[in-house]
Amino acid sequence: MKTKLSLLTLLLSFILIATSCVTVQVKDNTVTQTSLEIKKPKNIILLIGDGMGLSQVSTAIYYKDGKPNFERFHTIGLSKTSSSNELVTDSAAGATVFSTGEKTYNGAIAVSKDTIPLPTIVEHLSKRGLATGIVATSSIQHATPASFYAHVKSRRMYEEITEFAPNSGVNFFAGGGLKFFNQRKDGKDLLEEMKTKGYEVITDKLPTTPSEKNELILLAENGMPKMSEGRGDFLPNATKLALEKLSKNEKGFFLMVEGSQIDWGGHDNDADYLIQELLDFDKTLGVALDFAKQNGETLVIVTADHETGGYTLASDGSDYNKIKPSFSTTGHSGTMVPVFAEGPGAILFNGIYESNEIYHKIMELLKR
């Protein structure tokens, strides 16, 4: 009996250390669970690797010098990505589930299946006084970033999407998309409107320190350059700048960061393009995880809207010591995508679930 109690006590101690959220009592060799509490984060960083499936993540293992930042996560789940009307989702519907919690049709930007605007997580949190930010290597009007602040029936309505920016409540924008502000068919100059709304507009280079004002940083006419074209450390540095700015808010913050061009490499069936973008995204994960580790109140979530390219890390013929990346499609696939989580509340992201559950888990953790 004494041996059994010792083993039981040891097991319970391990569980308590591993979860830091379960309180138990042992009496007469009986385990009684008295409470279940999950520590809630003050801040959430959501990093989206557009088009990033498990093979894309595995790329970091084979092509990065050193240990990938993906391996720093201790909680991993799987997300089912189908849209409301098709088995294979696109980025618009795939991001709308993260921003609104509702499955919708391919092409929809934060609107329902009936094209009714859906409140976004940015809108909810801004009203509560939390700081919000959006960073992408695409234009900020592209499907994923747009789904967090705009409401239109089609992802291709870039000028209409841009009109939501001045009143979006987003405190920090960084990416491309300048031409949709100042080279518009309707002749409007939305850069001036952004300034009128209190934004500092920056179009030359990424600042080294954050502004006291809200920031609109647009460093390309449309999407940002590829890594192979000299983009450099824009994504990790913009993420670092955003965190420095948003973390000053005492109520907390929500930051969405997208590695947009992992998807574009997949569409092009260009393995070199994909690999460089994936490694840039992994470097950005390091920035987020380092911040969260030091801060102690930040949950980092990494996932994808879908997989692109049917990307495979096959062997080079019969040479099992050589990897030869290959593709099965120039479009998207229906494979599940990984969900990584680290920090307070990470335990909620274990398991297999529909992609829109990620929104609901985030909102539950940020409930006050």
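The values are calculated or read from the model by the stated rules, or taken from the named source; none is laboratory data. A quick note: this is a predicted structure, and the numbers were derived from the prediction, not measured. Here the Cβ is made from the backbone with ideal geometry for all residues, glycine too, and neighbour counts use every protein chain on show.
No other residue among SER147, SER91, SER82 is hydroxyl-bearing (Ser, Thr, Tyr), surrounded by fewer than 24 Cβ atoms within 10 Å (Cβ to Cβ), under 21 Å from the mean Cα position of the chain (by Cα) and at pLDDT 95 or above apart from SER82. Among the residues of region 217-246, those that are of a type outside the set (Gly, Ala, Ser), touching a residue at least 40 places away in the same chain (Cβ under 8 Å) and assigned to a loop (DSSP other than H, G, I, E, B) comprise LEU219, GLU221, ASN222, MET224, LYS226, ARG231, ASP233.
Going through (1) surrounded by 15 or more Cβ atoms within 10 Å (Cβ to Cβ); (2) of a type outside the set (Val, Ile, Thr); (3) on the phi < 0 side of the Ramachandran plot one by one, GLY309 falls short only on (3). Annotation note: Cβ proximity below 8 Å between a residue of region 253-270 that is in a strand (DSSP E or B) and a residue that is among the charged types (D, E, K, R) and buried (at least 24 other Cβ atoms within 10 Å of the Cβ) (sequence gap 6+ or interchain) occurs for GLU258/ASP50; GLY259/ASP50; GLY259/GLU277. Summed over region 172-191, residues that are in contact (Cβ under 8 Å) with a residue 24 or more places away in the chain and among the acidic types (Asp, Glu) total 1.
For region 359-368, a residue qualifies if it is at pLDDT 95 or above and part of a loop (DSSP other than H, G, I, E, B), and exactly one does: LEU366.
Scanning region 228-246 for residues that are touching an Asp or Glu at 6+ places or on another chain (Cβ under 9 Å) and either crowded, with 23+ Cβ neighbours inside 10 Å or within 23 Å of THR162 (Cβ to Cβ) (or both) yields a total of 6. For region 162-199, residues that are over 18 Å from MET224 (Cα atoms), within 22 Å of the chain's Cα centre (by Cα) and not aromatic (Phe, Trp, Tyr) total 5.
Within the set ALA271, ALA314, the sole residue that is surrounded by fewer than 24 Cβ atoms within 10 Å (Cβ to Cβ) and touching a Pro at 6+ places or on another chain (Cβ under 7 Å) turns out to be ALA271. Summed over region 276-294, the residues that are of a type in the set (A, V, I, L, M, F, W, C) and under 18 Å from GLY223 (Cα atoms) give a count of 2. From the list GLN294, GLN276, the one residue that fits, being farther than 20 Å from ALA136 by Cα and outside any strand (DSSP E or B), is GLN294.
Within region 81-133, the residues that satisfy the criterion of being of a type in the set (A, V, I, L, M) and touching a helix residue (DSSP H, G or I) at 6+ places or on another chain (Cβ under 6 Å) are ALA92, ALA95, ALA108, ILE109, ALA110, LEU118, ILE121, ALA131.
Comparison of PHE181, PHE173 shows that the only residue that is in the same structural domain as GLU258 (by TED's automatic domain parsing), within 24 Å of ILE45 (Cβ to Cβ) and among the aromatic types (Phe, Trp, Tyr) is PHE173.
Among the residues of region 315-323, is any in contact with a strand residue (DSSP E or B) (Cβ under 7 Å, 6 or more places away or on another chain), in contact (Cβ under 8 Å) with a residue 40 or more places away in the chain and either under 18 Å from VAL135 (Cβ atoms) or among the aromatic types (Phe, Trp, Tyr) (or both)? Scanning region 315-323 turns up no residue that is in contact with a strand residue (DSSP E or B) (Cβ under 7 Å, 6 or more places away or on another chain), in contact (Cβ under 8 Å) with a residue 40 or more places away in the chain and either under 18 Å from VAL135 (Cβ atoms) or among the aromatic types (Phe, Trp, Tyr) (or both). Checking SER55, SER84, SER79, SER138 one by one, the residue that is of a type in the set (Ser, Thr, Tyr), closer than 29 Å to LYS324 by Cβ and in contact with a Phe, Trp or Tyr (Cβ under 6 Å, 6 or more places away or on another chain) is SER55 and no other. Regarding ARG156, is this residue touching a helix residue (DSSP H, G or I) at 6+ places or on another chain (Cβ under 7 Å), surrounded by fewer than 18 Cβ atoms within 10 Å (Cβ to Cβ), among the charged types (D, E, K, R) and assigned to a loop (DSSP other than H, G, I, E, B)? The answer is no for ARG156.
Table: residues versus (1) aliphatic (A, V, I, L, M); (2) closer than 24 Å to LYS64 by Cβ; (3) at pLDDT 95 or above; (4) assigned by TED's automatic domain parsing to the domain that holds VAL135.
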{"site": "ASP268", "(1), (2), (3), (4)": "no, yes, yes, yes"}
{"site": "ASP272", "(1), (2), (3), (4)": "no, yes, yes, yes"}
{"site": "LEU289", "(1), (2), (3), (4)": "yes, yes, yes, yes"}
{"site": "ALA292", "(1), (2), (3), (4)": "yes, yes, yes, yes"}
{"site": "ASP305", "(1), (2), (3), (4)": "no, yes, yes, yes"}
{"site": "PRO325", "(1), (2), (3), (4)": "no, yes, yes, yes"}
{"site": "THR329", "(1), (2), (3), (4)": "no, no, yes, yes"}
{"site": "GLU354", "(1), (2), (3), (4)": "no, no, yes, yes"}
{"site": "GLU357", "(1), (2), (3), (4)": "no, no, yes, yes"}
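If you go through region 37-67 and keep only what is touching a residue at least 12 places away in the same chain (Cβ under 8 Å) and of a type in the set (Asp, Glu), you end up with GLU37, ASP50.
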